[in-house]
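All remarks here apply to the structure that follows.
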Amino acid sequence: MTLAPAAARPGGQLRAGAVGRLGSTAFGIASTSPAYSLAVSVGLLVAAVGTAAPTALVLSAVPVVLVALCFRELNRELPDCGTTYAWVQRALGPRAGAMAGWLTIAACLLVMANLAQVSAVYAFDLVGASSLAGSRVAQAAAGAACIAAMAWLAYRGVQVAARLQAALVVVELVALLWFAGRALAQADHLAWPTLQAGGAGGVGGWTTAFLAAVFLYWGWDSSFSTNEESDDPRRTPGVAALAANGILVLLYVVVTWAAISWAGADRLAAVADDDFFAVLAGDLMGTTGGKVLVAAVLLSGLASAQTTILPTTRTMLAMGRDGVGSPRLADVSPRYGTPSTATWVFTAAAAGIYVLLVTLSDAVLADSVAATSVLVAAYYLATAVATIRFPWADGVGARPLWRVVVPGVAAVAFGGVLVLALFDLSAVSLLVVAVSVAAGVPLVRGAARHRSPRPRPVPQEDLS
């Protein structure tokens, strides 16, 4: 079945049929920013659970994949570019939908600050401008410029974005595998993954590791955000997201294992609050190899910035179509077939928040990583619950494994981690989470007054 023509549907007219499986998979991988995510998370993982870090990555992937299966199931029934927002609204009501949509946007706003920061610092390091890399003013200017440039590319069309992301993903994967190969070749011994946690250990250690892993894996849902622009809206996003997850699990486990084998757990834990590639890669790969890895992390940050803009603006577009927030958010460029007003509103907000955070403190940027993980876990939880409560056309009992069991396990996993996280997060991270949630309250109040949700897309054959 195919969706009704865009002109026959309420809201903007995104360009249908523009994204295939390769492009959708590239979005899912690039949006996770593998090189950057590893750079800022491996030290934290090792500090939390020691040599059990690769094991933590495998175990943490299980609930993430279960949520991806929830996305796939919901997308088969309702391929809407609003994804979590649209599905939660239909299953749990407009207020819950508005909050779920806002949590998605808030998480993306926070991560854009981190991506802009790493892009600015790595760009200066790559050209040898170390004095600028340490200047907050220079960081703010360069990071804001990176956000604007990636927004412009995202605005130019989803096909342009897909081609660019495919190329950048290849560069990232080659650089990371090169690092892993060098690390394993020079390791004194191979530190095989264990279940015995070192580092902080205990419940707190595993909770920290899981939240770090959520941050590492987050981004595959970008494959679903371009569903209305896909060549097969009901199937392509699901295949692409699961493929992206499979590649990421293998990549993350191999790189983390290689890093522990070469550097040792103590050395990695010592740089838990820093970028371990920047601190240690030069020792392993030499000046030239270190520059290549710096370039890979820079490209990773830029690629992820673009693929963060893509899903967020489509969530905003879907909310605008429903009257949640300004209806202007539903505007679509007639030339490029991409969200127009939403793109530039998000760009301005992301650049403004980044400049504010980088001006205030580097610690705020670091704590925003943990806060981002909590917001992501919250909207994953909402998606899992929505899968169970969704008004399926053929009833929830038609596919009980995918509509009850899988989302039930995912909901328990993410709900439990969110509860534990409240006791382990820093005061700054908790404050960032609280402010982020509070900022969405006006949208929630407004959602109760907006018009009824738009009709779900109608199969083409049902229009005759």
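Go through (1) exposed (fewer than 15 other Cβ atoms within 10 Å of the Cβ); (2) touching a helix residue (DSSP H, G or I) at 6+ places or on another chain (Cβ under 8 Å); (3) of a type outside the set (A, V, I, L, M, F, W, C); (4) more than 30 Å from Trp152 (Cα to Cα) one by one and return the number of the condition Pro400 breaks.
(2)
Any idea which of Asp274, Asp283, Asp266 is over 20 Å from Ala30 (Cβ atoms) and in contact (Cβ under 8 Å) with a residue 24 or more places away in the chain? Reasoning before the result, please.
Details: Asp283 fails: in contact (Cβ under 8 Å) with a residue 24 or more places away in the chain; Asp266 fails: in contact (Cβ under 8 Å) with a residue 24 or more places away in the chain.
Every option except Asp274 fails the conditions.
Looking at Leu242, Leu250, Leu190, which one is touching a Ser or Thr at 6+ places or on another chain (Cβ under 8 Å) and surrounded by fewer than 22 Cβ atoms within 10 Å (Cβ to Cβ)? Let's see the steps before the verdict.
Numbers: Leu242 fails: touching a Ser or Thr at 6+ places or on another chain (Cβ under 8 Å); Leu250 fails: touching a Ser or Thr at 6+ places or on another chain (Cβ under 8 Å).
Step by step, each of Leu242, Leu250, Leu190 is checked, and only Leu190 is touching a Ser or Thr at 6+ places or on another chain (Cβ under 8 Å) and surrounded by fewer than 22 Cβ atoms within 10 Å (Cβ to Cβ).
Could you tell me which of the residues Ala378, Ala351, Ala370, Ala303 is closer than 25 Å to Arg95 by Cα and touching a residue at least 12 places away in the same chain (Cβ under 8 Å)? Talk me through it step by step, then tell me what you get.
Values: Ala351 fails: closer than 25 Å to Arg95 by Cα; Ala370 fails: closer than 25 Å to Arg95 by Cα; Ala303 fails: closer than 25 Å to Arg95 by Cα.
Exactly one of Ala378, Ala351, Ala370, Ala303 is closer than 25 Å to Arg95 by Cα and touching a residue at least 12 places away in the same chain (Cβ under 8 Å), namely Ala378.
Rundown of residues vs (1) among the polar types (S, T, N, Q); (2) farther than 22 Å from Phe179 by Cβ, yes/no style:
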position	(1), (2)
Ser33	yes, no
Val40	no, no
Leu66	no, yes
Glu73	no, yes
Pro79	no, yes
Ala91	no, yes
Gly101	no, yes
Val118	no, no
Tyr122	no, no
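Over 20 Å from Ala144 (Cβ atoms), part of a helix (DSSP H, G or I), in contact with a Pro (Cβ under 9 Å, 6 or more places away or on another chain) and free of Cβ contacts under 8 Å to residues at least 40 places away in the same chain, is that true of Leu329? Reasoning before the result, please.
Numbers: over 20 Å from Ala144 (Cβ atoms): yes; part of a helix (DSSP H, G or I): yes; in contact with a Pro (Cβ under 9 Å, 6 or more places away or on another chain): yes; free of Cβ contacts under 8 Å to residues at least 40 places away in the same chain: yes.
When the stated conditions are applied, Leu329 passes them.
Please work out which residue is nearest to the chain's Cα centre (by Cα), limiting yourself to the range 75-98 and to residues that are surrounded by 24 or more Cβ atoms within 10 Å (Cβ to Cβ) and farther than 21 Å from Ile29 by Cα.
Tyr85
Regarding Arg163, is this residue at pLDDT below 85 and of a type in the set (D, E, K, R)?
Numbers: at pLDDT below 85: yes; of a type in the set (D, E, K, R): yes.
Judged against the criteria, Arg163 is a match.
Of the residues that make up the range 397-420, is at least one at pLDDT below 90, small (Gly, Ala, Ser) and outside any helix (DSSP H, G or I)?
Checking the range 397-420: not a single residue is at pLDDT below 90, small (Gly, Ala, Ser) and outside any helix (DSSP H, G or I).
In the range 196-209, is there at least one residue being surrounded by fewer than 21 Cβ atoms within 10 Å (Cβ to Cβ), more than 24 Å from Asp424 (Cα to Cα) and out of contact with any Leu (no Cβ under 7 Å at 6 or more places or on another chain)?
No, the range 196-209 has no match at all.
The values are calculated or read from the model by the stated rules, or taken from the named source; none is laboratory data. Keep in mind the model is a prediction, meaning the values are calculated, not measured. With ideal geometry, Cβ positions are generated from the backbone for all residues, glycine too; neighbour counts draw on all protein chains shown.
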